[in-house]
Amino acid sequence: YVFDKWLDKNYPDNPWCRYADDGLVHARTRLKAEKLRDDLEKRFKECGLEMHPTKTKIVYCKDDARRGSGNHIEHTQFDFLG
């Protein structure tokens, strides 16, 4: 609940979802995604928590509105809750 409030306050324009201790946050650009990830890491440390190093990724999500190859981003798919 506290995480939800923090995210709503600090990133109100970023859609997100969470289930238990897994989460997914959308960002429009890689730069914004990197800043959000860095801010989350800082916030988690303040609370004595850490993000899972192998599960924390920036992923390019392609759809009809985003037709790029995603070549500039390492990950182009993921398993949510996997």
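So here's what we get for this one:
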| item | result |
| --- | --- |
| The range 22-29 - phi-based ³J(HN,Hα) in whole Hz, Karplus 6.51/-1.76/1.60, Gly and Pro as x | 9, x, 9, 10, 8, 9, 6, 9 |
| Karplus-derived HN-Hα couplings along the range 41-49 (A = 6.51, B = -1.76, C = 1.60, θ = phi - 60°), whole Hz, x at Gly and Pro | 4, 5, 5, 4, 4, 4, 9, x, 10 |
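Here, each number is a calculation from the coordinates, and none is a lab measurement. Since the structure is predicted, the reported quantities are computational estimates derived from the model, not experimental observations.
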